[in-house]
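Student: Structure provided below as structure tokens; questions to follow.
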Amino acid sequence: MKKARFSIGILFFICGLNFATWATRIPDFKSFLQLSDAELGTVLMGLPIGSLVSLPIAGWLLTKYASKWISLMAIAMYVIVIPALSLAASAYTLFIGLFFFGMSGDIMNIAMNTQVVSLEAKMNKIIMSSFHAVFSIGLMAGAFLGGYLEKESYSPFEHFSIIAFLNIALVPLIIGNLLKDKPVQDESKPNSSILNLGPYLIVLSLIAFCGMLCEGAMADWISLYFKEYSPNSTFPITIGFSSFAAAMVIGRFMGDKISLKYGISSILVLNGLLLSVGMLLTLLVPSIYFKIGGCFIIGLGISTIVPLVYSQAGNQKEIMPSIAIAGVSTIAYIGFLLGPVIIGYLSDFVGLDKALYLLVILGFVAAFISKTFASAK
């Protein structure tokens, strides 16, 4: 099981690394293509649209192939798409590149979380949160590497090609140890469908959607926020994102233990409240140190929302775990990709600082849904 756990962790690391690689270069694309915030938001729509298109594809793949092979297919897609993305010379070609980037990410997201659910079943314990911590480590690594390469004047193509090579280099470490789950439809559950989740999973999906929308917004816009609203800071503009990502790692490594001690519903309520409080601190207090601290609190708040929801979805008995994970994770991942888009449009109307208040609202919404969900159970 240790080898399988390590290999699945590499999948999460790759996914985080790849997303952060794109996120750290967004200011460069915005400047090079001379995009307004709203125009950037429109271009970023390629990501959630690609994710939506991949939903039925992923559902079909899960009934035909083991998640191991779907994971490797997603890596192959990344290796092609990431360098191609860096060659975008217009808003239209960038949109198309992001469409396929979104497809790659969603297919990887579904496959790797299905691997975790299979591993949890074999180990008879909840370990989902620790894998999402590895995703956050990938985000941190991608952010630091992206910041360094940008500072050293590496072009986006050189940067993205290095990441594509790293994707390839990591495949030999995992290919023999990923779990070989069986893509067989369970005849005892005829209503299993990626489009027929039922009320329980819909509620879980809404909680995850709020958390992931905020996570996506933080990943794509917090560095721009620090650049625009703390221009005289001696810290690099990525400091807010780095603080956020570090807290995500810490929170996710602690998540499995604290959820067992205090209960999943209670932790989900706390997650939403921490998210809102951290965002308010970041936006309202002018001190750069408080802003960095606020980003850390936001990271703690978001950290365990998705892993706890995914574990709950994978362990319910109504429909097949792989189908439940595919449905819930896709809805959540769409939130992850829509967040930057929505913030972009709002920013053009009211300014980025006011647009980010959406995260405060969503934190309270997630806490309210979690509290109501717990009371109704």
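The values are calculated or read from the model by the stated rules, or taken from the named source; none is laboratory data. As the structure is a prediction and not an experimental result, all values here were calculated from the model. Note: ideal-geometry Cβ built from the backbone for every residue, glycine included; neighbour counts use all protein chains shown. All accessible areas refer to the heavy atoms of the entire protein, side chains included, with ligands and DNA or RNA removed. Shrake-Rupley method; radii C 1.70, N 1.55, O 1.52, S 1.80 Å.
Student: If the viscosity is 0.692 mPa s and the temperature 37 °C, what Stokes-Einstein diffusion coefficient in µm²/s follows for the chain when Rh is the Kirkwood radius over Cα pairs?
Tutor: 161
Student: Now a separate question. I'd like to check one number: the per residue accessible area of the chain, probe 1.4 Å, reported in Å² as a whole number.
Tutor: 40
Student: May I pose another question? Let me have the relative contact order for the stretch 52-174, percent, based on Cα pairs under 8 Å that are six or more residues apart.
Tutor: 36
Student: So which DSSP H runs in the chain come out at 20 Å plus along the axis (Cα) with average Kyte-Doolittle of at least -0.5?
Tutor: Flagged H segments are 2-23, 46-64, 67-85, 91-123, 128-151, 156-174, 198-229, 239-262, 264-284, 288-303, 321-350, 357-376.
Student: Springs between alpha-carbon atoms under 10 Å, Gaussian network over the chain: tell me which of L338, L173, L270 tops the mean-square fluctuations.
Tutor: L173
Student: Cβ neighbours within 10 Å, averaged per peptide: list 150-159, 212-221 in order, most packed at the top.
Tutor: Result, highest mean Cβ count within 10 Å first: 212-221, 150-159.
Student: Can I get the semi-axes of the stretch 214-350's equivalent ellipsoid? Compute them from the C-alpha gyration tensor as square roots of 5 times the eigenvalues, in angstrom, largest first.
Tutor: Value: 30, 18, 11 Å, ordered largest first.
Student: If ligands, DNA and RNA are left out, what is the accessible area of Y225 with a 1.4 Å probe, given in Å² to the nearest 10?
Tutor: It works out to around 0 Å².
Student: Here is a follow-up. Using Cα pairs closer than 8 Å and at least 6 residues apart in sequence, work out the relative contact order for the chain, in percent.
Tutor: Relative contact order comes out at 28 percent.
Student: Hey, another quick one. By average Cβ neighbour count within 10 Å, what is the ranking of 199-205, 306-312, 46-52 from highest down?
Tutor: 306-312, 46-52, 199-205
Student: Also, I was wondering about something else. For the chain, what is the mean residue ellipticity at 222 nm derived from helices alone (per DSSP H run of n ≥ 4: -39500 (n - 2.57); sum divided by total residues; nearest 500 deg cm²/dmol)?
Tutor: So the calculated ellipticity at 222 nm is -28000 deg cm²/dmol.
Student: Listed here are the pairs K257/K354; K122/K257; K68/K257; which of them are more than 25 Å apart at the Cα?
Tutor: Table pairs above 25 Å Cα-Cα are K257/K354; K68/K257.
Student: Give me the aspartates and glutamates in straight-line cross-link reach of K2: C-alpha distance below 13 Å, same-chain residues under 8 apart excluded.
Tutor: Straight-line reach from K2, under 13 Å: E120.
Student: Please give the contour-minus-distance gain from D348 to V285: 0.36 nm per residue of separation, less the Cα-Cα distance, rounded to one decimal in nm.
Tutor: Taking 0.36 nm per residue and subtracting the Cα distance, the gain is 20.4 nm.
Student: Next up: Which percent of the accessible heavy-atom area of the chain goes to carbon and sulfur, probe 1.4 angstrom?
Tutor: Summing carbon and sulfur atoms, their accessible area is 69 percent of the total for the chain.
Student: Turning to a different aspect of this structure: Based on alpha-carbon positions alone, could you give the equivalent ellipsoid semi-axes of the stretch 305-353 from the gyration tensor, as √(5λ), descending, whole Å?
Tutor: Whole-Å semi-axes of the equivalent ellipsoid: 32, 10, 6.
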